[in-house]
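The values are calculated or read from the model by the stated rules, or taken from the named source; none is laboratory data. Computed from a predicted structure; not experimentally measured. No Cβ is skipped: glycine too gets one built from the backbone with ideal geometry, and neighbour counts run over all protein chains shown.
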Amino acid sequence: VFVFCAFYYSAQAQNAKGGISDDMMLQIKQSYQNTPQDKAIRNAIGSSDIRTLALNQDNLKGMDTHFSIRVNSKGITDQKSSGRCWLFTGLNVMRAKAIARHNLGAFEFSQTYPFFFDQLEKANLFLQGIIDTGSKPMDDKMVEWLFRHPLSDGGTFTGVADIVSKYGLVPKDVMPETHSSEKTSRMASLITLKLREQGLQLRDLIAKGTKPATLEKTKTEMLGIIYRMLVLNLGVPPTEFTWTEYNAQGKPVSTETYTPLSFMKKYGDENLLDNYVMLMNDPSRDYYKCYEIDYDRHRYDGKNWTYVNLPVEDIKEMAIASLKDSTMMYFSCDVGKFLNSDRGLLDIKNYDYESLMGTTFGMNKKQRIQSFDSGSSHAMTLMAVDLDKNGNPTKWMVENSWGAGSGFQGHLIMTDEWFDEYMFRLVVETKYVTEKVMEVLKQKPVRLPAWDPMFAE
């Protein structure tokens, strides 16, 4: 009886302090007029996709696919059912340069090879993070974040640099895709389950006063289990291989034996972090400042993701300079917003949700970031821009990694207005970066927490 009474009075207090009272409910119900128009819309939504009904017919005119500045695509790749867009994009940027430098024919770097070590390094990052926070309670914010994010197949350009600089590269035919590399969820769920179990075991050992050397030995044994799981799913990473280079005409040029690091030195980019600058357009923070995201790296001994926050106009200036010099860029955005996937068009006029729902959606980019409504969700390769007679961009195009049959011949085209609202990150070679931005890079970065709204996944 006491428990029931306590619950009753608690519920009463909640209603008095902000719950929906009977009077409030009456007002809410009376605000809905149940017009014939509403009934028609309700009937339509009951049996149709909202996007189909909101499709803006006025925006379905012929799509202009001409670009005044365009770097030719080197072949569309397909990440399949995985979150490896960051890896495909980073490798595609290097692939374009390798093809141009060596006059190669059809060529791809193996995505499975660096992904193998990405997953192993992330496992170590998690386990070492558990050791580092072992004296903190389970409800500590950092401990909670670690257990929520022990592993991910997502990442950033910094992760490409972290993994490739340490482990090198191999051609795709040396370590091809597997079912688990193309459909990562099952493998990831099992490894995540194991890592959480191992994390709790390490915390138990720390609570018992286990010495650091023993913890290191235990962690190594745990990583051995993860390594075996990765081998079973992705294959054994090669340490040496023989590969024949073919030119654009399909003729063999040379046959040599490589290690992954020697192959990367010849065909990749040895100094990714030194040669590139990551730019961000985040209006929720001060511009012309350098920021660093805690624990946003792919190796424990790697580099946290560091970027310069800039107005979008500054980023466009450097992007155009790069494209004019036939150089593609790593680009990421909130790809799901206003995407017409059938046309391969990203345009804020694609869907008229306001007319359908009879209300407005008025948040700006800053407010969408602050409220977790928008953030970078997908990486692609920026390859084209169309400029008007005054030199101002009107639209952009990216090479995607969803297969040649998706979008516009494997690409996505975005209006400049969409670019302003939903573009977040661009990685530019230092030779296209302005002196002003290079000066900002000299600042001591402001460190943001791993759970920041802009970067939470």
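Screening Arg299 with (1) among the charged types (D, E, K, R); (2) farther than 16 Å from Met280 by Cβ; (3) in contact with a Pro (Cβ under 9 Å, 6 or more places away or on another chain) gives one miss only, at (3).
Here is a check on your reading of the model: is Thr158 β-branched (Val, Ile, Thr), surrounded by fewer than 20 Cβ atoms within 10 Å (Cβ to Cβ), outside any loop (DSSP other than H, G, I, E, B) and out of contact with any helix residue (DSSP H, G or I) (no Cβ under 6 Å at 6 or more places or on another chain)? Taking the combined requirement at face value, the residue does not satisfy it. Please identify the pairs in which a residue from segment 165-188 that is closer than 10 Å to Tyr113 by Cβ and of a type in the set (Asp, Glu) has its Cβ atom under 9 Å from the Cβ atom of a residue that is buried (at least 18 other Cβ atoms within 10 Å of the Cβ) and modelled with pLDDT under 95, counting only partners at least 6 apart or on another chain. Pairs that qualify, where the first residue is closer than 10 Å to Tyr113 by Cβ and of a type in the set (Asp, Glu) and the partner is buried (at least 18 other Cβ atoms within 10 Å of the Cβ) and modelled with pLDDT under 95: there are none. Inspection of segment 389-408 finds no residue satisfying the criterion of being of a type outside the set (Ser, Thr, Tyr), in a loop (DSSP other than H, G, I, E, B), at pLDDT below 95 and closer than 25 Å to Leu272 by Cβ. The condition (being of a type in the set (Lys, Arg) and buried (at least 18 other Cβ atoms within 10 Å of the Cβ)) is satisfied by just one residue among Lys316, Lys324: Lys316. When the test is whether a residue is under 11 Å from Leu127 (Cβ atoms) and either surrounded by 12 or more Cβ atoms within 10 Å (Cβ to Cβ) or out of contact with any His (no Cβ under 8 Å at 6 or more places or on another chain) (or both), Glu216 passes it.
Filtered by the rule that a residue be surrounded by 15 or more Cβ atoms within 10 Å (Cβ to Cβ), under 29 Å from Thr156 (Cβ atoms) and of a type in the set (Phe, Trp, Tyr), segment 330-365 gives Tyr330, Phe331, Phe338, Tyr351.
For Phe88, state whether it is modelled with pLDDT of 95 or more, touching a Phe, Trp or Tyr at 6+ places or on another chain (Cβ under 9 Å) and either under 25 Å from Ser180 (Cβ atoms) or assigned to a loop (DSSP other than H, G, I, E, B) (or both).
No; evaluated as a whole, the condition is false for this residue.
Among the residues in segment 362-374, are any modelled with pLDDT of 95 or more, within 27 Å of Met94 (Cβ to Cβ) and hydrophobic (A, V, I, L, M, F, W, C)? Within segment 362-374, not a single residue is modelled with pLDDT of 95 or more, within 27 Å of Met94 (Cβ to Cβ) and hydrophobic (A, V, I, L, M, F, W, C). Looking at the structure I just gave you, is Glu256 over 21 Å from Phe109 (Cβ atoms) and of a type outside the set (Phe, Trp, Tyr)? Here the answer is no, as Glu256 does not meet what is asked. Within segment 387-404, the presence of a residue that is over 29 Å from Lys97 (Cβ atoms), touching a helix residue (DSSP H, G or I) at 6+ places or on another chain (Cβ under 6 Å) and surrounded by 13 or more Cβ atoms within 10 Å (Cβ to Cβ) is excluded. Phe67 meets all of the listed conditions (1) farther than 30 Å from Glu177 by Cβ; (2) at pLDDT below 95; (3) assigned to a loop (DSSP other than H, G, I, E, B) but one, namely (2).
Pairing residues of segment 33-59 that are in contact (Cβ under 8 Å) with a residue 40 or more places away in the chain with residues that are surrounded by 12 or more Cβ atoms within 10 Å (Cβ to Cβ) and of a type in the set (Lys, Arg), at Cβ distances under 6 Å and at least 6 apart in sequence or on separate chains, gives Asn56/Lys349; Asn59/Lys349. List pairs: first in segment 397-413 and in the same structural domain as Val385 (by TED's automatic domain parsing) and more than 11 Å from Met380 (Cβ to Cβ), second assigned to a strand (DSSP E or B) and of a type in the set (A, V, I, L, M), Cβ under 6 Å, 6+ apart or cross-chain? Listed pairs, sorted by first residue: Ile413/Leu345; Ile413/Met397.
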